[in-house]
Amino acid sequence: DQQVKQNSPSLSVQEGRISILNCDYTNSMFDYFLWYKKYPAEGPTFLISISSIKDKNEDGRFTVFLNKSAKHLSLHIVPSQPGDSAVYFCAASGSGGGADGLTFGKGTHLIIQP
Amino acid sequence: KAGVTQTPRYLIKTRGQQVTLSCSPISGHRSVSWYQQTPGQGLQFLFEYFSETQRNKGNFPGRFSGRQFSNSRSEMNVSTLELGDSALYLCASSRGTTTTEQYFGPGTRLTVT
């Protein structure tokens, strides 16, 4: 049973436009959410996180929105750049952060087209 | 600051053998977690060590084990390898307190033939 779901295996966006990656979760105990970016042959790289006490967190071109009632979060990238092409993983934790194991979604492959 | 390092990067083993993978965390990080990544299952949590103690464990058989040393370096062992164990094994380190992010190494690609 997948507790963290990324329903779009891939997403294609034109350079300069907004990329929106979505993630749904089922476990109400999750209270900390993270987004990771992964290039081939490399480990995931931390992008941005959000605690369940917030509904938005922004860092440069990246913004994460959390809708607790819908158990949904999204990552917005504005403007999208060619270097953003990668697989993006949504992850969740039930203990307030990275100390426990993270539950990951299966990833969305973002392709930025010139 | 040096990142998380994993050795070896690539490994080929035969069914029934055992394998040991190594992970060196970022300096000052006391928590090390291990994950298995496969195309079908995505990234799955194996276990987490903090101060040489296993603090958390995922849903994997007992063939998968690990340990952490006093310098926070960690090893993961898989005994009696099966074809399905072929995967990318990722190690991640964090300071170990709450609300801290995990930083991943490049992974060890294990192929079981």
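Structure above, values below:
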read-out	value
Residue tally, condition more than 20 Å from B:L88 (Cα to Cα), crowded, with 18+ Cβ neighbours inside 10 Å and small (G, A, S), over the range A:1-50	2
Residue match in the range A:73-87 (condition: more than 21 Å from A:R17 (Cα to Cα) and either out of contact with any helix residue (DSSP H, G or I) (no Cβ under 6 Å at 6 or more places or on another chain) or not aliphatic (A, V, I, L, M) (or both))	no
Test: B:S33 is within 12 Å of the chain's Cα centre (by Cα), modelled with pLDDT of 95 or more, of a type in the set (G, A, S) and closer than 30 Å to A:H109 by Cα	no
The range A:51-83, subset surrounded by 12 or more Cβ atoms within 10 Å (Cβ to Cβ) and of a type in the set (G, A, S), residue nearest to B:S93 (Cα to Cα)	A:S51
Given (1) at pLDDT 95 or above; (2) touching a Lys or Arg at 6+ places or on another chain (Cβ under 6 Å), number of the condition B:G96 does not satisfy	(1)
Residue list for the range B:63-86, filter: at positive phi and either touching a helix residue (DSSP H, G or I) at 6+ places or on another chain (Cβ under 8 Å) or surrounded by 14 or more Cβ atoms within 10 Å (Cβ to Cβ) (or both)	B:S72
Residue in the range B:102-113 that is modelled with the lowest pLDDT, counting only those that are buried (at least 16 other Cβ atoms within 10 Å of the Cβ), over 10 Å from the mean Cα position of the chain (by Cα) and in a loop (DSSP other than H, G, I, E, B)	B:Q102
Yes/no for A:D31 being acidic (D, E) and closer than 25 Å to B:F45 by Cα	yes
Matching residues, the range B:49-64, being small (G, A, S) and farther than 16 Å from B:Y35 by Cβ	B:S51, B:G62
Test: B:F60 is surrounded by 17 or more Cβ atoms within 10 Å (Cβ to Cβ), at pLDDT below 95, more than 24 Å from A:Y39 (Cα to Cα) and not aliphatic (A, V, I, L, M)	no
Strands (runs of 3 or more DSSP E) within the range A:15-114 that include 1 or more residues more than 14 Å from chain B (Cβ to nearest Cβ) and over 17 Å from B:E101 (Cβ atoms)	A:19-25, A:56-59, A:62-67, A:72-77, A:108-113
When residues of the range B:77-113 are limited to those that are within 14 Å of another protein chain (Cβ to nearest Cβ) and hydrophobic (A, V, I, L, M, F, W, C), the one farthest from A:C90 (Cα to Cα)	B:A87
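The values are calculated or read from the model by the stated rules, or taken from the named source; none is laboratory data. Only a predicted model underlies this, so the values are computations on that prediction, with no experimental measurement involved. Every residue, glycine as well, gets a Cβ built from its backbone with ideal geometry; the counts of neighbours run over all protein chains shown.
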